[in-house]
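Notes follow once the structure below has been shown.
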Amino acid sequence: MLIREATTEDWPAIWPFFHEIVAAGETLTYPLDLGKDDASGWWYLTAPNRTVVAVDDAGTVLGTAKMNRNHMGNGSHIASATYMVDPKHSGQGVGRALCEYSVAWAREAGFRAMQFNAVVESNVHAVKLYKSIGFEVIGTLPEGFNHPTQGYVGLHIMHMAL
């Protein structure tokens, strides 16, 4: 698997699984009806932030990540990231590769830590993955997320010093 900069030519491959994940409403705090054009504007970031894709040997997009400053100004020394893996390729290490890549990017860029602001606590696979990489839950907003089948569940804030 290769992780490289995402280009606008990747969007037709990203959009179907991006839309599927967002519309399901189970893992992200994005509007459920986020349209294709607006979604592209949200996902593709400009330098010094980055948007990447994970591709297989045939060039098939397996997943994507956006990596960015978590805050501006005096909080700009903390990085963040968001990941999406095409459900057809889940369980193949794509999420782990993207997360490890983003941590390396943040370290190399001189960030002091990474923080995930809103990890849905019922997204147990993501929570387990992030913990295995070194993140810890430093707080939970009770009932911060209205899950479509589980009702109100917590939103974790996860952190890792770099």
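The values are calculated or read from the model by the stated rules, or taken from the named source; none is laboratory data. A quick note: this is a predicted structure, and the numbers were derived from the prediction, not measured. Using ideal geometry, Cβ is built from the backbone for each residue, glycine included, and neighbour counts are taken over all protein chains shown. Please note that ligands, DNA and RNA were not included when accessible areas were found on the heavy atoms of the full protein model with its side chains. Shrake-Rupley method; radii C 1.70, N 1.55, O 1.52, S 1.80 Å.
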How many angstrom lie between the C-alpha centres of the range 50-104 and the range 128-162?
17 Å
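If Ile14, Ile138, Ile157, Ile21 are ordered by their accessible area, calculated over protein heavy atoms with a 1.4 Å probe, which sequence runs from highest to lowest? Intermediate results must be reported in sequence, preceding the final value.
Details: Ile14 0, Ile138 100, Ile157 60, Ile21 30 Å².
Largest accessible area first, the list is Ile138, Ile157, Ile21, Ile14.
Show that you can apply the helix-only estimate: for the chain, add -39,500 (n - 2.57) for every DSSP H stretch of four or more residues, divide by all residues, and state [θ] at 222 nm to the nearest 500.
Working: 4 runs with 47 residues, N = 162.
That calculation yields -9000 deg cm²/dmol at 222 nm.
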For the residue pair Ala58 and Glu20, what label-to-label distance in nm results when each label sits 7 Å from Cα along the Cα-to-beta-carbon direction?
1.5 nm
Sorted on mean Cβ neighbours within 10 Å (highest first), peptides 117-126, 104-113 come out as 117-126, 104-113
So how do 87-93, 50-56 stack up, highest first, on mean other-Cβ count within 10 Å?
50-56, 87-93
Subtract the Cα-Cα distance of Asn74 and Arg96 from 0.36 nm times their separation in residues, and report this length gain in nm to one decimal.
5.0 nm
So which lysines can Lys131 reach, going by Cα to Cα under 29 Å and dropping same-chain residues fewer than 8 places off?
Lys66, Lys88
Could you work out the mean projected area of the convex hull around the alpha carbons of the chain, in square nanometres to one decimal?
9.3 nm²
What nm value, rounded to one decimal, do you get for the distance between Thr140 and Ala161 when each label is placed 7 Å out toward the C-beta?
2.4 nm
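Taking 0.36 nm per intervening residue step and subtracting the Cα-Cα distance, what contour gain separates Thr8 from Ala47 on full extension? Don't skip to the answer; put the middle values down first.
Values: separation 39, 0.36 × 39 = 14.04 nm, distance 1.50 nm.
Roughly 12.5 nm would be gained on extension.
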In nm, the gap between the two label points placed 7 Å beyond Cα toward Cβ at Ser122 and Ala104 is 3.5 nm
Gyration tensor on Cα atoms of the range 82-156, a ≥ b ≥ c root eigenvalues, a/c under 1.5 rounded, else prolate if a/b beats b/c, else oblate, says oblate
Could you check which residue among Gly73, Gly25, Gly41 shows the biggest mean-square fluctuation in a GNM of the chain with a 10 Å Cα cutoff?
Gly73
